[in-house]
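Shown next, in structure tokens, is the structure this report addresses.
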Amino acid sequence: MNKKPLILGIESSCDETAASLITENEQGIPIVLSNIVSSQVDVHKEFGGVVPELAARSHMEKIDWIVLKAINKSGRKVEEIDAVASTAGPGLIVCLSVGLSFGKAFASALNKPFIAVNHLEGHALSPKLNSQLNYPYLLLLISGGHSQFLSVEGLGNYKRLGTTIDDALGEAFDKTAKLLGVEFPGGPQIEILANKGDPNKYNLPKPILHKGGCNLSFAGLKTAILKIAKNIKTEQEKFDLAASFQKTVEKILYQKTKVAFLEFEKNIQLNQKTFVVAGGVAANKKIRSMLINLCVEKNYQSIFPSTEICGDNAAMIAMVGLEKFKLKKFDNLDHPAKPRWPLDESAKFLKGAGVKL
């Protein structure tokens, strides 16, 4: 029996220090042996957001312990590791540098291949950890830093169909939570508050809903929330605003995803229509339910990563490492950290004043 590759994944792009070991079975299905994630919520809570220098210091304090814990939990030995995969971007450069440097040093010490991983590619491939997933597929990546539709045509082969022209959806959730007085990280709490409110109480803007293809915009929605939140006097009004925000986001994603389906079908020959949703906001149950229903309506197969894999983690980094290892796609130990690293390198940068749609 051939030895199956054992990959160590390391993630430190923002405020999670994470390590994971994965392998695969005889059928080539990935097996997660360990997936350790150490959050820094307590470090950043008083600041209401991630402080890069504090995040980097926390990574440096924890990373060796987190990697050791992942190896011990996997039941495998250090010598059995076949390659080390570390996030090289995008993200906060001071944070990226910690995991990237550790991964390079670890690979060098073991004399094993090193693989630099695009964090977004980790999200793109994350559903492979719990689903049979074949190329090509349409991806909606919704996280704290990124919101985009991508045609995924193979490993390393991505075509961006639409993106946010201003703020990421996860950022809009976090900002709304902060305005409603919810402690950082508040985004996941919005859905809980929304369940207690009237989703029709506030008529909120849906920027570029019927123009700009499947590009997205959330800055105007955030501004509207800011203005209303200043005048909120009761808990019920807070719940109503959360519910109205949640419903507005669902309407935006419903409309823009329909447009993305058409764009995807124009660009590629399909035997089966598959729609993958990944990133931290993919854990939102109401968004999941709405998109699943849309897929039924439009004859798409919908695939989501498991909830614990939606946020930043190292199993998805190891997953990309496993795919690249099998193709012998390795990187040099001088590979730089890349704070900006789009999956589609040819796509236009669409942020800032004066964006034309």
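Within region 316-346, can you find the residues that are crowded, with 20+ Cβ neighbours inside 10 Å and either without any contact (Cβ under 8 Å) to a residue 24 or more places away in the chain or in contact with a Ser or Thr (Cβ under 6 Å, 6 or more places away or on another chain) (or both)?
M316, I317, A318, A337
Filter region 198-228 down to the residues that are farther than 16 Å from F173 by Cβ and among the small types (G, A, S) and list them by number.
G212, G213 - these are the residues of region 198-228 that are farther than 16 Å from F173 by Cβ and among the small types (G, A, S).
State whether the residues of region 176-189 include one that is farther than 18 Å from S143 by Cα and without any contact (Cβ under 8 Å) to a residue 12 or more places away in the chain.
In the first step, residues of region 176-189 are kept if they are farther than 18 Å from S143 by Cα; the result is 179-183.
Filter again for without any contact (Cβ under 8 Å) to a residue 12 or more places away in the chain, leaving 182.
Yes, there is a match, as at least one residue in region 176-189 is farther than 18 Å from S143 by Cα and without any contact (Cβ under 8 Å) to a residue 12 or more places away in the chain.
State yes or no: is K233 assigned to a loop (DSSP other than H, G, I, E, B), surrounded by fewer than 18 Cβ atoms within 10 Å (Cβ to Cβ) and without any contact (Cβ under 8 Å) to a residue 12 or more places away in the chain?
Numbers: assigned to a loop (DSSP other than H, G, I, E, B): yes; surrounded by fewer than 18 Cβ atoms within 10 Å (Cβ to Cβ): yes; without any contact (Cβ under 8 Å) to a residue 12 or more places away in the chain: yes.
When the stated conditions are applied, K233 passes them.
So which residues in region 178-205 are under 23 Å from the mean Cα position of the chain (by Cα) and under 21 Å from S147 (Cβ atoms)?
K178, V182, F184, P185, G186, G187, P188, Q189, I190, E191, A194
Please verify whether region 153-170 includes one or more residues that are assigned by TED's automatic domain parsing to the domain that holds Q246, of a type in the set (A, V, I, L, M, F, W, C) and closer than 15 Å to V249 by Cβ.
Going residue by residue through region 153-170, those that are assigned by TED's automatic domain parsing to the domain that holds Q246 are 153-170.
Now restrict to residues that are of a type in the set (A, V, I, L, M, F, W, C): 155, 161, 165, 168-169.
With closer than 15 Å to V249 by Cβ added as a condition, the list becomes 168-169.
Yes: region 153-170 contains one or more residues that are assigned by TED's automatic domain parsing to the domain that holds Q246, of a type in the set (A, V, I, L, M, F, W, C) and closer than 15 Å to V249 by Cβ.
Quickly run through region 156-208 and pick out the residues that are over 30 Å from N134 (Cβ atoms), hydroxyl-bearing (S, T, Y) and in contact with a Ser or Thr (Cβ under 6 Å, 6 or more places away or on another chain).
We begin by selecting, within region 156-208, every residue over 30 Å from N134 (Cβ atoms); these are 165-167, 171-208.
Pick out the ones that are also hydroxyl-bearing (S, T, Y) and you get 176, 202.
Within region 156-208, just Y202 meets the criteria.
Failed condition for L21, given (1) closer than 21 Å to D174 by Cβ; (2) touching a strand residue (DSSP E or B) at 6+ places or on another chain (Cβ under 7 Å); (3) modelled with pLDDT of 90 or more, with all others met?
(1)
Give, as residue ranges, the helices (runs of 4 or more DSSP H) completely inside region 239-357 that count at least 2 residues that are under 22 Å from the mean Cα position of the chain (by Cα) and within 30 Å of Y202 (Cα to Cα).
Because the criterion is at least 2 residues that are under 22 Å from the mean Cα position of the chain (by Cα) and within 30 Å of Y202 (Cα to Cα), the helices (runs of 4 or more DSSP H) in region 239-357 that meet it are 285-297, 307-310.
The values are calculated or read from the model by the stated rules, or taken from the named source; none is laboratory data. Source: prediction; values computed, not measured. Cβ coordinates were reconstructed from backbone atoms using ideal geometry, including for glycine residues, and neighbour counts include every protein chain displayed.
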